[in-house]
Each structure stands twice: as structure tokens, then as C-alpha cells.
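Here is the structure we will look at.
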Amino acid sequence: MSPASGVFIRRARPEDYDGVMAIGCMYNGRDYLSSLYQRAVNDPDIYPLVAEVKGQVVGFYMNHILDGGLSVMKRAARVHPSFRKMGIMHELSHALDRHVATLRPGLQYLYISASDVVASKVESEYKSLGLKENHRKPFICLDYYTKDLSVCDVTDHMPSVTTLSYDDIKLLFTLEDVLDKFFDSRIVFNNFVGYRCLESNIKHLLDENKEVCVTIAPSTKTPNTAASFGARDIDVVTFSEWYKTEVGLIYVVNIYTSEGSSDQSIRAHLWRHVDFLRKLNLCDKGIFEVSYGPNVSEEKVRSYLKQVGIFKHSTVPFKMEVLFERKF
């Protein structure tokens, strides 16, 4: 607590949900916290805090322990508009730093992510805190209506998309050829969260609202599981997740390719995810987000999605997701 400011910092509780949601909409309506909140306050790997002023919840921030305890990521920062410029976010951040101190010496990395718009504003501050840019990925956001989604009949020469299991991903994370091709930094950066390629993170990559899919090179026989083929056969990997928000269902696809990955595989992944989204039928509308690396053409991604009913530009004002890292 800061007596001078009247701000009280404490651990968030399940019953704080309404107060936290009343802080206001974040991320242009794409806020994931409403879907994550109850898990956040019960997960031992998440340390969520709220700031109170005269009994009103006016701020929220949380630490998320990742990489089996090697890393921690600050996430979901927010302060009520009526209480900004009062130092509340700094107090929340300092409280999280004190929590980080209790995790050392095992803790090795601190992560914070931001959009390119925010990153340009806080770059100097982050540098002063020892945070360096680790990843920067472009992404696009397109509005969709579920009734407009279609399945394209063109399947000739389309690679089969295989959904991976826990054991499949565990195997992939042991194959240096796969990691060199797709994750040369040994970090998977999905939807503003960085995960090292470790077995302890598989639970964060596979969940009731998350999947991992692969295609293999068109010249290779289609497998049933990842164990059915060698590292050199993988052509494209996608990680997906979906959650309800104020603007509808957000469906996120993170594409990982290597030099020489086929356009047919990229198209197959996108069409498979759109078909899966259509079958989920959880909301009438939403936003379809795609992040990708340097070997993927934005123009082609937009073209493939347009063929199955997704083409309207969203009003999201940024084009990059940026990951910052501090090594202790």
C-alpha cells in the first residue's frame, strides 16, 4: 500500500472479476482477460494483482511464470481511465518486481510484450530497465461474420494438415533440425507471449482453446502423427488459439515457415483454421488474426482468406507484435 496516494495493492481474487472488467475495454476490444481471468486467479504459475482506491478496483497487472520457472512475463496491464497518471501502474509493476525477486536465483528471463505503437513510445524506458527487443512479428487483423465463412472446394494438390498431440510436440522440441528451421532463437512467439521450446511449455501451447498443426513437404507421404516423419519433412507449423471478447470471437493463427516452405501448405493451414472456426460456431462475428515471419507473403495470406470469406480490414491500429527480454 502507498499511504500517500491511497492506493492499495493486493493479490487478485475470483470475486474481483466484475471490478477488473469495469476498468474498461483494452486492446481495441480484443482483450483476452475476460476469458482468462478465473484461470489467472487460480493458476499457481500466475501471480495477479489489483490496485484499489477506496475499495474500488482501478488497476490490474500479473506475472506469468513460463519455461518451467526460467522466465516470467508481465501481462494484461491496465488502469482505469479516471485513475491514470497517478503512478498506479508503477506501483503495480514494482509489486510484481518484488514477486520476481522471490523466484530467483532460478529465474533467468523477464519478458514484456507490446504492439509496435506502444513499443515506440516505451522503448527508452524499457532500455533503462535492461529490456532488449527479442522478437518483432507482423500480423494482420480481419473482421469476419461466421455466416460468411465457407469451405473452398479446391483441394487438389493441397497438403493434409495434421493436429499434433502433447507427445508429438515433445518430440519436435527435441529435434534440432526442426528448431533450426522454424524456431532458430528457440522461442515460439504467439499472440504477444514468448515460450521457449521446452516440454514445460507444451501445456501453454495445447489447451481447450489452443492447437498446434503441421503440414509436411508435398513430396512426402502424409503422416498420422509427428512421430511418423523426420524433421526435414515438416513444411509449415501453425499455433492457434481462440477466445471470446467484447467484439466477438478472436481466432489467432501464428504461422511458422522456413525458406522454401510451400504456398500450398500455408493456404492449407489457413483454410483448415477457417473451417474449424466455422464449425466452432461460438459467436456470430469476430476478428481473425494472423502473425507470420519473413518467408510469408501478406498479400497471399489475404488472398487465401478472401477465398473463404474473410477480407474486411479490422480497425486495429497496429501491425507488429514486439517481445522484449531482460536476462538476469
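In this rough spin-label picture, where each label sits 7 Å from Cα along the Cβ direction, the Gln307-Arg11 distance is 5.2 nm.
So, with a 1.4 angstrom probe, what is the percent of accessible area on segment 84-200 that is carbon and sulfur? Ligands and nucleic acids excluded, carbon and sulfur give 51 percent. Think of the chain as a dipole: +1 on every Lys or Arg Cβ, -1 on every Asp or Glu Cβ, centred on the Cα centre; then among Met86, His157, Leu129, Met86 lies furthest on the positive end. Of the residues Cys283, Ile112, Leu172, the one whose Cα sits farthest toward the positive end of the charge dipole of the chain, with +1 on the Cβ of Lys and Arg and -1 on the Cβ of Asp and Glu, is Ile112.
Near Thr146, once Lys and Arg are set to +1 and Asp and Glu to -1 for all other residues with Cβ below 11 Å from its Cβ, the sum equals +2.
Residues considered: Ser303, Ser71, Ser265. Largest GNM mean-square fluctuation over the chain, using C-alpha springs under 10 Å, is found at Ser303. Within segment 226-298, the GluC sites (Glu not before Pro) that combine a DSSP coil assignment with at most 11 other C-beta atoms in a 10 angstrom radius are Glu259. Between the amide H of His135 and those of Leu323, distances stay under 5 Å, these residues lying 5 or more places away or on another chain, with hydrogens modeled in the peptide plane. Working from Cα pairs under 8 Å separated by at least six residues, relative contact order for the chain is 23 percent. Solvent-free Debye calculation, one equal scatterer per alpha-carbon of segment 176-220: log10 I(q)/I(0) at 0.19, 0.34 Å⁻¹ equals -0.71, -1.28. Near Lys210, within a Cβ-to-Cβ distance under 11 Å, what is the net charge of the other residues, with Lys and Arg +1 and Asp and Glu -1? Combined, the nearby Lys, Arg, Asp and Glu give -3.
Looking at the square roots a ≥ b ≥ c of the eigenvalues of the Cα gyration tensor of segment 253-323, which shape do they give, rounded for a/c under 1.5, prolate if a/b is larger than b/c, or oblate? Oblate shape, in that a/c is at least 1.5 and b/c is the bigger or equal ratio. Among the listed pairs Lys244/Lys300; Lys170/Lys306; Lys121/Lys279; Lys181/Lys285; Lys127/Lys312, those whose Cα-Cα separation exceeds 32 Å are Lys170/Lys306; Lys121/Lys279; Lys181/Lys285; Lys127/Lys312.
How large a share of the accessible area of segment 243-328, in percent, is made up of carbon and sulfur atoms when the probe is 1.4 Å and the other protein chains stay in place?
On the way: 1850 of 3980 Å².
Here carbon and sulfur together make up 47 percent of the probe-accessible area.
For segment 37-173, give the magnitude of the charge dipole about the Cα centre (Cβ charges: +1 Lys/Arg, -1 Asp/Glu; no others), in debye to the nearest 20.
Details: 16 positive and 16 negative charges, 156 e Å.
Computed charge dipole of segment 37-173: roughly 760 debye.
So what does Tyr145 come to for accessible area, using a 1.4 Å probe and Å² rounded to 10? About 100 Å², ignoring ligands and nucleic acids.
Under a Cβ-only charge scheme (Lys and Arg +1, Asp and Glu -1), can you give me the dipole magnitude of segment 172-218 about the Cα centre, in debye to the nearest 20? Mind dumping the intermediate values first?
On the way: 5 positive and 8 negative charges, 25 e Å.
Once rounded to the nearest 20, the dipole reads 120 debye.
In the elastic network of the chain, a GNM with C-alpha springs shorter than 10 Å, the most mobile of Asp31, Asp148, Asp235 is Asp148.
So what's the net charge close to Asp31: Lys and Arg +1, Asp and Glu -1, counting the other residues with Cβ under 11 Å from its Cβ? Computed value for this residue: +2.
Please give the per residue accessible area of the chain, computed with a probe of 1.4 Å over protein heavy atoms only, in Å². All intermediate terms of the calculation are to be shown ahead of the outcome.
On the way: 15450 Å² over 328 residues.
Roughly 47 Å² per residue, with all protein chains present.
Treating each Cα of segment 131-217 as one equal point scatterer and applying the Debye formula with no solvent, the log10 of I(q)/I(0) at q = 0.10, 0.13 Å⁻¹ comes out as -0.36, -0.61.
Selection among Asn254, Val50, Cys25 by position relative to the dipole of the chain gives Val50 as farthest towards the positive end (Cβ unit charges, Cα centre). Charges were assigned to the Cβ only: +1 to each Lys and Arg, -1 to each Asp and Glu. The resulting dipole of the chain about its Cα centre is roughly 860 debye. From the Kirkwood radius over Cα pairs of segment 281-320, Stokes-Einstein at 20 °C and 1.002 mPa s returns a whole-number translational diffusion coefficient of 182 µm²/s. What the pair-distance distribution of segment 1-144 shows, using all Cα-Cα distances binned every 5 Å from zero, is 2, 8, 18, 21, 21, 18, 10, 3, 1, 0 percent.
The values are calculated or read from the model by the stated rules, or taken from the named source; none is laboratory data. This structure is a prediction, so every number in the text was calculated from the model and none was measured. Cβ coordinates were reconstructed from backbone atoms using ideal geometry, including for glycine residues, and neighbour counts include every protein chain displayed. Areas reflect the complete protein model, heavy atoms only, side chains present, ligands, DNA and RNA absent. Shrake-Rupley method; radii C 1.70, N 1.55, O 1.52, S 1.80 Å.
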